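Every number in this text was worked out from the coordinates using simple rules, so none of it is lab data. This structure is a prediction, so every number in the text was calculated from the model and none was measured. Neighbour counts are summed over all protein chains in view; Cβ atoms, including those assigned to glycine, are modelled from backbone coordinates with ideal geometry.
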Amino acid sequence: MPDRRFSFAARFRSIRIGIRGVWLMLQSQHNAWVHAAVSAIVVVAGILCRLDHREWSAIVIAMMAVWMAESLNTALEFLCDVASPEFHPLVEKSKDVAAGGVLIAAVGAIIVGLLVFGPHLLQSGL
């Protein structure tokens with residue numbers, strides 16, 4: 001039975017593993033670089049528009065949803081590739097559904113972005 005006591009060392013190890021996972025996703029998934037670039041642009045735009053804390057909350061949650069969907073999609077793709085190295089129609093379907101989840105999150109994030117940034121852009125005359 002593994003030791004279940006709390007330890008800061010174990011928590012830091014978990015953080016390192018998570019960072020390694022994000023780095024692996026960035027190394028292996030071209031769409032993750034698109035998400036990173038868009039995230040950076042949105043943060044800069046948010047600073048320039050002087051978003052308030054409620055607007056930032058919506059933006060952060062939307063960005064987090066996209067990153068979470070992308071990371072789960074990546075994990076599923078890796079797992080599917082191990083479980084079925086040869087083509088299998090059900091593996092293709094599972095990968096398509098996972099990619100659809102990323103698309104849903106991205107469209108939702110775009111809608112949030114329009115709702116948050118739209119009034120700022122209209123106010124500035126752009």
Mind running the shape call on the range 5-50? Use the C-alpha gyration tensor, a ≥ b ≥ c as the square roots of the eigenvalues: rounded below 1.5 for a/c, prolate if a/b tops b/c, oblate otherwise. oblate
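Just the Kirkwood number for the range 8-124, please: inverse of mean 1/r across all distinct Cα pairs, in Å, one decimal. It would help to have the intermediate numbers written out before the result.
Values: mean 1/r = 0.0624 Å⁻¹.
That comes to 16.0 Å for the range 8-124.
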With a 10 Å Cβ neighbour count serving as the proxy for reagent exposure, in which order, fewest first, do Met25, Met68 appear? Met68, Met25
Only Cα pairs under 8 Å and at least 6 apart count here; give the relative contact order of the range 8-124 as a rounded whole percent. 31
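Please arrange His88, His120 by counting, for each residue, the other beta carbons lying within 10 Å of its beta carbon, fewest first.
Working: His88 12, His120 16.
Ranking His88, His120 by Cβ neighbours within 10 Å, fewest first, gives His88, His120.
Which shape class applies to the range 29-83: rounded if a/c is under 1.5, otherwise prolate when a/b exceeds b/c and oblate if not, where a ≥ b ≥ c are the square roots of the Cα gyration tensor eigenvalues? Please report the intermediate quantities before stating the final value.
Values: a/c = 7.77, a/b = 2.44, b/c = 3.18.
Note, shape of the range 29-83 comes out oblate.
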